[in-house]
Each structure stands twice: as structure tokens, then as C-alpha cells.
Amino acid sequence: MRPEPVCPRCGSALRPPDLWSSAWRCERHGEVAPLQAPVPPSADPFTVAGRRSAVPLWLPWPLPSGWLVSGARVAGDDRAPARAAAVALSGPGLLGGPADMIVVSEEPGVGLGAGYAGMDETDPGPELTALPCDTKVTAGGHPTPLWSVPGVDDRCAYIGEAAGCWLWIVVWPVAEWMVIHDDLRLTDARGVAGLDIPFGAATSRLLLP
């Protein structure tokens with residue numbers, strides 16, 4: 001049986017559409033884009049996730065040395081293209097231990113990136129971009145500034161804007177923030193055929209608390 005979708009902001013169960021409303025509702029956050037179950041880390045499910053998405057399926061490419069794709073997840077009703085997409089990766093951290101990364105692309109107001117970052121707010125405030133950026137990546141061939149955002153102590157989170165959507169990158173543990181750097185290049189996997197993507201074991205990081 002297919003798992004029921006959950007809230008993209010807190011992982012709680014949702015009330016499905018009924019005769020009175022076509023929306024999925026969270027008791028805490030109201031109407032939300034339903035977060036579907038993680039897809040297995042393998043080629044066919046990953047391709048299907050990309051086809052479902054109205055937003056970029058950002059993939060660091062080339063992958064950091066030794067890293068593998070460990071899953072993906074989309075948020076949206078089956079009746080329309082997904083409004084958010086997350087790609088998870090796992091690999092050796094620069095400090096010697098294991099590390100995990102989730103890259104999220106989403107429309108404003110979805111809150112999936114904030115959920116993975118451990119933030120209460122759905123989107124960052126406009127005052128964020130008035131500050132100097134903390135780092136940069138290249139997304140879809142364009143230099144993309146990122147700002148550090150507060151979250152919880154066991155991870156670091158950055159946000160920027162790419163292809164008209166919010167771009168979030170969340171890394172565990174917090175000491176491995178250095179994996180996000182100027183040379184990190186993100187490719188929209190929806191539009192690139194023939195990528196020989198290496199997949200690893202499924203990660204639990206895609207499960208919201």
C-alpha cells in the first residue's frame with residue numbers, strides 16, 4: 001500500500017481532500033502541498049520524480065568525491081506537478097566522518113526546505129538578501145549566492161534563489177558546512193539525459209521529524 005503523504009513543514013499526517021475542499025490540510029499549518037513518500041535511490045524512481053516536478057531537481061554534478069545519491073522526495077498533489085523537490089546525498093565528510101546533504105527546490109510558501117532546516121518560518125524574510133552572502137554555488141550555469149539561515153544545532157542550512165524558486169541546501173553534521181563552496185555545481189536532472197548517477201543506500205534524512 002502506498003504511504004499517505006504528510007505535511008512538508010512538520011511531517012504530520014494530513015487530512016485528505018473531501019467533498020468540501022480539494023486541499024490537503026495539516027492541523028498545524030493549514031493547506032499544504034502534500035509531501036509524498038521518499039523514492040528509492042535508483043535510476044527509474046529518480047527519473048519519475050523528476051518528471052513529476054514543476055521545479056528543478058537540483059543534483060550536484062559532478063558529485064563530491066565519494067558521494068552517492070541516497071533518495072529523492074517531491075511535494076504536490078497527484079493531480080498537478082509537484083511544487084517542491086528534494087534530492088538527498090550521502091558521502092564522506094571533509095573532516096573524516098559520514099555526512100549528508102539535501103538540496104531542495106521549491107515554490108514560495110511550500111516550506112519543505114524550512115522543514116529540513118528545522119526552521120519555524122516557511123520562507124526567509126526579505127531582509128536576508130540585504131546582507132552579504134555567505135557562499136556561492138553555480139545552479140543551472142548561473143552563479144547563485146547563498147545565505148546561512150538559523151536552524152537546529154546538528155545541521156547547517158543555506159538558502160538562495162535559482163530558476164525562479166527557492167534553493168535550499170541542508171548539510172549534516174553542522175561541521176561539514178564546507179561541502180557547500182564556490183565550486184559546487186548544481187544541474188537540473190530533469191533536463192539532462194544519460195547521466196550515470198551513482199546511487200547508495202536510502203537515507204533517513206528525507207524523513208521529517
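The values are calculated or read from the model by the stated rules, or taken from the named source; none is laboratory data. Just so you know, these numbers come straight off a predicted model, no measurement behind them. Using ideal geometry, Cβ is built from the backbone for each residue, glycine included, and neighbour counts are taken over all protein chains shown. Surface accessibility is based on the protein's heavy atoms, side chains included, excluding ligands, DNA and RNA. Shrake-Rupley method; radii C 1.70, N 1.55, O 1.52, S 1.80 Å.
In the range 131-140 there is at least one residue that is surrounded by fewer than 20 Cβ atoms within 10 Å (Cβ to Cβ) and touching a Phe, Trp or Tyr at 6+ places or on another chain (Cβ under 6 Å).
Might you check whether a residue that is more than 30 Å from Glu176 (Cα to Cα) and open to solvent by less than 50 Å² (accessible area, probe 1.4 Å) occurs anywhere in the range 56-79? Before you say what the answer is, go through the steps one by one.
Just the residues of the range 56-79 that are more than 30 Å from Glu176 (Cα to Cα), to begin with: 76-79.
Keeping just the survivors that are open to solvent by less than 50 Å² (accessible area, probe 1.4 Å) gives 76-77.
The answer is yes, given that some residue of the range 56-79 is more than 30 Å from Glu176 (Cα to Cα) and open to solvent by less than 50 Å² (accessible area, probe 1.4 Å).
Taken over the range 149-164, residues that are open to solvent by less than 10 Å² (accessible area, probe 1.4 Å), out of contact with any Leu (no Cβ under 6 Å at 6 or more places or on another chain) and not β-branched (Val, Ile, Thr) amount to 2. May I ask you to list pairs of residues, at least six apart or on different chains, whose Cβ atoms are under 8 Å apart, with the first in the range 46-75 being touching a residue at least 40 places away in the same chain (Cβ under 8 Å) and hydroxyl-bearing (Ser, Thr, Tyr) and the second being open to solvent by 10 Å² or more (accessible area, probe 1.4 Å) and assigned to a loop (DSSP other than H, G, I, E, B)? Between residues of the range 46-75 that are touching a residue at least 40 places away in the same chain (Cβ under 8 Å) and hydroxyl-bearing (Ser, Thr, Tyr) and residues that are open to solvent by 10 Å² or more (accessible area, probe 1.4 Å) and assigned to a loop (DSSP other than H, G, I, E, B), the close pairs are Ser53/Pro81; Ser70/Pro41; Ser70/Gly200; Ser70/Ala201; Ser70/Ala202; Ser70/Thr203.
Report yes if some residue within the range 198-206 is out of contact with any helix residue (DSSP H, G or I) (no Cβ under 9 Å at 6 or more places or on another chain), charged (D, E, K, R) and either crowded, with 21+ Cβ neighbours inside 10 Å or touching a residue at least 60 places away in the same chain (Cβ under 8 Å) (or both); otherwise report no.
Here is the first cut: in the range 198-206, the residues out of contact with any helix residue (DSSP H, G or I) (no Cβ under 9 Å at 6 or more places or on another chain) are 198, 200-204.
Add one more test, that the residue is charged (D, E, K, R), and what stays is none.
No, every residue in the range 198-206 fails to be out of contact with any helix residue (DSSP H, G or I) (no Cβ under 9 Å at 6 or more places or on another chain), charged (D, E, K, R) and either crowded, with 21+ Cβ neighbours inside 10 Å or touching a residue at least 60 places away in the same chain (Cβ under 8 Å) (or both).
Taking first residues from the range 137-153 that are among the polar types (S, T, N, Q) and partners that are open to solvent by 50 Å² or more (accessible area, probe 1.4 Å), the Cβ contacts under 6 Å between residues at least 6 apart in sequence or on separate chains come to Thr138/Arg185; Ser148/Asp134. Among residues of the range 17-32 that are open to solvent by less than 80 Å² (accessible area, probe 1.4 Å), those with a beta-carbon under 9 Å from a residue that is among the polar types (S, T, N, Q) at least six positions away or on a different chain give the pairs Cys26/Ser12; His29/Ser12; His29/Thr122. The residues of the range 97-116 that are under 13 Å from Trp166 (Cα atoms), touching a strand residue (DSSP E or B) at 6+ places or on another chain (Cβ under 6 Å) and not charged (D, E, K, R), listed by number, are Val103, Val104, Ser105, Val110, Leu112, Gly113.
Does Val6 satisfy the criteria of being under 20 Å from Glu107 (Cβ atoms), in contact with a Gly (Cβ under 8 Å, 6 or more places away or on another chain), open to solvent by less than 70 Å² (accessible area, probe 1.4 Å) and β-branched (Val, Ile, Thr)? In short, no. Comparison of Leu146, Leu167, Leu186 shows that the only residue that is under 12 Å from Leu59 (Cβ atoms), open to solvent by less than 70 Å² (accessible area, probe 1.4 Å) and not aromatic (Phe, Trp, Tyr) is Leu186.
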